[in-house]
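Participant: Just passing along the structure, written as structure tokens.
The values are calculated or read from the model by the stated rules, or taken from the named source; none is laboratory data. Note that this is a predicted model, so its numbers are computed, not measured. Cβ sites come from the backbone with ideal geometry, for glycine too, and all protein chains shown count toward neighbours.
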Amino acid sequence: MNEILNKVNIIVKAIDDKKGEDIKVLDISKISVLADYFVIATVDNKQQMKAIRDNVEEAMMKDKSYAKSIEGDNESGWVLIDFKDIVVHLFDRDSRSFFDLERIWKDADIVEI
């Protein structure tokens, strides 16, 4: 397994460990220079958003990978964590439906996790 997919798996596990839902991984490497992968997940509430964000950051730090930037916050309904090659999108249910990244990036390959 290549290094980037290993990092994707670390992120997915960190999200799943804190009960993130509807986790999707999109391979956007062939259609964008923004990143190689998007990891998208739904959270139930602000506390879970913070717990998942913290867990993802902690898991990636153990792998010596650090976020380039973090946008949004627990109160806004969405958080974006940019690990350069991998961008993590955490949404509450309303925001996930509103932004609908899966539709916007429908040409991306879905990675089975």
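Participant: How do the pairs read when you match residues in region 48-65 that are closer than 16 Å to LYS19 by Cβ with residues anywhere that are at pLDDT below 95, using Cβ under 8 Å and keeping only pairs 6 or more apart or on different chains?
Facilitator: MET49/ASN74; LYS50/ASN74; ARG53/ASN74
Yes or no, residue by residue, for (1) modelled with pLDDT under 95; (2) of a type in the set (Asp, Glu):
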site: LYS13; (1), (2): no, no
site: LYS18; (1), (2): no, no
site: ASP44; (1), (2): no, yes
site: ASP63; (1), (2): no, yes
site: SER69; (1), (2): no, no
site: ASN74; (1), (2): yes, no
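Participant: Among the residues of region 68-105, which ones are buried (at least 18 other Cβ atoms within 10 Å of the Cβ), in contact with a helix residue (DSSP H, G or I) (Cβ under 7 Å, 6 or more places away or on another chain) and under 22 Å from ILE10 (Cβ atoms)?
Facilitator: Correct list: ASN74, TRP78, VAL79, ILE81, PHE83, ILE86, VAL88, HIS89, LEU90, PHE91.
Participant: Can I ask one more? Please tell me if GLU57 is under 21 Å from ILE4 (Cα atoms) and either surrounded by 13 or more Cβ atoms within 10 Å (Cβ to Cβ) or not hydroxyl-bearing (Ser, Thr, Tyr) (or both).
Facilitator: Numbers: under 21 Å from ILE4 (Cα atoms): yes; either surrounded by 13 or more Cβ atoms within 10 Å (Cβ to Cβ) or not hydroxyl-bearing (Ser, Thr, Tyr) (or both): yes.
Spelling it out, GLU57 is indeed under 21 Å from ILE4 (Cα atoms) and either surrounded by 13 or more Cβ atoms within 10 Å (Cβ to Cβ) or not hydroxyl-bearing (Ser, Thr, Tyr) (or both).
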